[in-house]
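Inspection log for the structure reproduced underneath, given as structure tokens.
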Amino acid sequence: MKMQESPEDYLETILVLSKKLGNVRSIDVANHLGYSKPSISVAMKRLRENGFVTQDDNGYLILTASGLSIALKINERHEVLVQFLKSIGVDEETAMHDACRMEHVISDTTFEKIKQLPR
């Protein structure tokens with residue numbers, strides 16, 4: 001299934017923050033992405049309705065198996081693309097920004113070829 005860019009970013013953010021903080025709430029996602037709490041609340045509701053995230057009694061967000069799968073895929077793409085861009089001389093800030101956009105549109109074939117490049 002092909003997702004939109006924003007839900008993929010939200011899932012990746014939950015993954016990254018869960019590694020960093022342990023437990024993640026909507027406000028953590030909002031603060032990390034610089035979005036309003038109401039916008040994130042609507043997005044998290046959609047992610048729950050589509051089975052990508054659950055929320056426990058304490059308000060913590062938990063990636064489901066399908067949500068985790070997408071988050072891991074996007075996060076791997078992000079990390080590999082940042083390293084690739086830096087290896088060809090792109091400064092870190094630009095590499096981070098560009099990788100964030102590229103990770104959503106690059107084909108699996110092209111991504112696999114980039115992963116095969118010597119590091």
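Any read-out appearing in this document is the output of simple, stated calculations on the displayed coordinates, not a laboratory observation. Given the structure is predicted, the values throughout are model-derived calculations rather than measurements. No Cβ is skipped: glycine too gets one built from the backbone with ideal geometry, and neighbour counts run over all protein chains shown.
General observations
- Ranked for footprinting exposure by Cβ neighbours inside 10 Å, fewest first, TYR10, TYR35 give TYR35, TYR10.
- Around ASP108: net Lys/Arg minus Asp/Glu count, Cβ-Cβ under 11 Å: +3
- Cα-centred dipole magnitude for the chain, charges only on beta-carbon of K, R (+1) and D, E (-1), debye, nearest 20: 160 debye
- For the chain, the mean residue ellipticity at 222 nm estimated from helices alone is -23000 deg cm²/dmol, where every DSSP H run of n ≥ 4 contributes -39500 (n - 2.57) and the total is divided by all residues, rounded to the nearest 500.
- Inter-part distance, region 1-61 to region 100-119, computed on C-alpha centroids, equals 25 Å.
- Cα-projected label distance for THR109 with GLN83, points at 7 Å along beta-carbon direction, nm: 2.4 nm
- Taking other C-beta atoms within 10 angstrom as a stand-in for reagent exposure, ARG46, ARG25 fall in the order ARG46, ARG25, fewest first.
- Among VAL80, VAL90, VAL24, residue whose mean-square fluctuation peaks in a GNM of the chain (springs only between Cα atoms under 10 Å): VAL90
- The structure-derived value of mean projected area of the Cα convex hull in nm² appears in the list [x] 7.8; [y] 8.5; [z] 7.1 under the label [x].
- Candidate lysines for bridging to LYS45, where Cα separation is under 18 Å - those fewer than 8 sequence places away on the same chain excluded: LYS37
- From least to most packed, judged by other beta carbons within 10 angstrom and beginning with the fewest, SER18, SER66 follow the order SER66, SER18.
- Positive-pole candidate from GLY89, ALA99, ILE40, dipole of the chain, charges at beta carbon: ILE40
- Projected label distance in nm at HIS97 and GLU76, using a 7 Å step from Cα toward the beta-carbon: 2.9 nm
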